[in-house]
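**Q** Here's a structure for you.
The values are calculated or read from the model by the stated rules, or taken from the named source; none is laboratory data. Quantities reported herein were computed from a predicted structural model and do not represent experimental measurements. Neighbour counts are summed over all protein chains in view; Cβ atoms, including those assigned to glycine, are modelled from backbone coordinates with ideal geometry. Accessible surface is based on the protein model in full, side chains and every heavy atom, while ligands, DNA and RNA are left aside. Shrake-Rupley method; radii C 1.70, N 1.55, O 1.52, S 1.80 Å.
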Amino acid sequence: MAAALQAQRLFLTASTSTSSSSHPARRGLQASPAASAPAADLALKLDWIAAPARDGTAAERLRAVADAAADRAEMHDIIGRQRDNWNHLLLHSTNSLALAASAMAALAPGAAAPALGASAGVLLATAAVTMAAVNRIQPSQLAEEQRNATRLWRQLERDVSYRAAAAAAAVTDADVQEAMDRVLALDAAYPLPLLPGMLEKFPKTVEPARWWPRRRAQPQPQPLNSRRSKSFGRRAGSSSNGWTPELEEEMRGLLRVLRAKDERQYLTVGALVLALNRGLAVAGPALAGAGAVAAIFIGGDAGGNWAPGAAALCGALAAAANTVEHGGQLGMVFELLRNCAGFYRKLQEDIEAALGEADPERRENGEVFETKVALLLGRSASDLRQFREMASPSFRDEDIQDYAGKLF
């Protein structure tokens with residue numbers, strides 16, 4: 001049996017060799033099209049092999065952005081704690097200088113010691129310089145900037161990490177560019193260096209903080225179902241990707257309330273806090289400097305009895321102004337109001353971007369979007385329906401009584 005199988009195998013091998021050698025021309029004719037095919041055609045057919053490599057590279061770049069965001073969050077957290085310590089240490093040390101100088105100035109006439117008057121003058125001058133420097137940098141505001149930056153960097157890290165892990169095969173260069181734009185916008189909104197590059201602590205106009213990139217104008221391609229999309233807004237109760245005409249009216253009314261009430265409220269209060277902080281920032285060093293000048297005349301004929309009292313009073317008032325400004329952390333309050341206004345400004349731009357997309361199929365799902373907006377405002381989705389009537393042009397801004405946000 002084995003001999004028969006071996007003989008059959010040898011016969012098949014020989015016949016195959018004979019068939020191959022008897023048709024050399026046919027083999028040449030079959031090979032010639034492949035040989036004459038252009039290299040571009042072959043490369044075109046193999047393009048699909050390189051596609052996964054590009055996707056993998058984009059995912060790796062996105063993970064690198066997430067790592068950088070995590071590192072930035074740690075840096076801002078450390079610097080925020082340091083600058084919060086600055087606020088407490090400088091507040092107490094400056095007040096100690098001013099109050100000690102006031103006590104020395106008050107005791108100088110009775111002690112008949114010229115050194116007390118001179119010491120009071122030196123301490124008040126030091127307090128004036130220290131107050132001017134501290135008021136320039138506003139440590140409490142610096143600490144609030146870093147706290148908010150830490151939260152936003154951690155949020156960016158979560159978003160990017162989720163995007164890279166959930167759909168690694170579908171990550172594109174556009175996703176990487178969007179993440180990079182968010183990184184650069186956060187770097188500009190909350191800089192790490194103190195000098196130079198520090199944010200203006202006493203701006204001429206109060207503007208909302210902006211930590212997100214400006215949206216790029218993208219061409220809107222005409223969808224295949226454009227005829228259905230255009231008629232979507234005319235049919236009451238019709239739904240496309242979770243969007244209905246009622247939901248669009250709801251979002252337009254909410255957008256109007258956010259702009260007229262919530263954002264304006266924080267900007268108005270922020271302007272008042274800024275004016276108070278600016279006045280105290282000038283008054284503190286000015287009072288301490290006036291006390292130092294008055295201390296020069298202590299013990300002299302020109303000073304008489306007014307110099308010690310003036311120096312003591314100016315030192316006490318300077319300490320009081322410094323305590324209200326930095327003990328009350330007015331810089332932190334101003335930055336907090338700017339961030340709240342920026343929160344509502346970003347929400348407005350998100351709603352405008354969603355409504356600006358003509359094709360509902362290209363938007364985020366309407367129900368999901370409504371839920372996100374409701375959570376950001378501290379409301380339920382059903383609470384947002386009350387803003388539907390405010391989208392009407394006949395509804396005046398003066399008639400809006402309620403605020404959109406309930407969270408803060």
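**Q** Take the Cβ-Cβ distance between TRP306 and GLU207 as r, set R0 to 45 Å, and report the resulting FRET efficiency rounded to the nearest 0.05.
**A** It comes out at approximately 0.45.
**Q** Based on the Kirkwood radius over alpha-carbon pairs, what value in µm²/s does the Stokes-Einstein equation return for the translational diffusion coefficient of region 87-219 at 25 °C and 0.890 mPa s?
**A** This corresponds to a translational diffusion coefficient of 128 µm²/s.
**Q** Bin all alpha-carbon pair distances of region 238-376 at 5 Å intervals from 0 and give each bin's fraction as a whole percent.
**A** The distribution over region 238-376 is 2, 9, 13, 12, 9, 8, 7, 7, 6, 6, 5, 4, 4, 3, 3, 2, 1, 0, 0, given as percents.
**Q** Here's another thing I want to ask about it. Sticking with the crude label model, points 7 Å out along Cα→Cβ, report the distance from SER93 to TYR162 in nm, one decimal please.
**A** It is 4.4 nm.
**Q** Quick one: which of LYS201/LYS346; LYS201/LYS261; LYS201/LYS406; LYS261/LYS346 span more than 20 angstrom between C-alpha atoms?
**A** Check vs 20 Å cut-off fails for LYS201/LYS346; LYS201/LYS261; LYS201/LYS406.
**Q** Can you tell me the length gained on complete extension of the stretch GLU60 to SER392, counting 0.36 nm per residue apart and subtracting the Cα distance?
**A** The GLU60-SER392 span can extend by a further 114.7 nm.
**Q** So if we plug the beta-carbon distance of ALA115 and LEU272 into 1/(1 + (r/R0)^6) with R0 = 45 Å, what FRET efficiency do we get, rounded to 0.05?
**A** After rounding, the FRET efficiency stands at 0.50.
**Q** What does the accessible area of ARG278 come to, in Å² to the nearest 10, when a probe of 1.4 Å is used?
**A** Roughly 90 Å² of ARG278 is accessible to a 1.4 Å probe.
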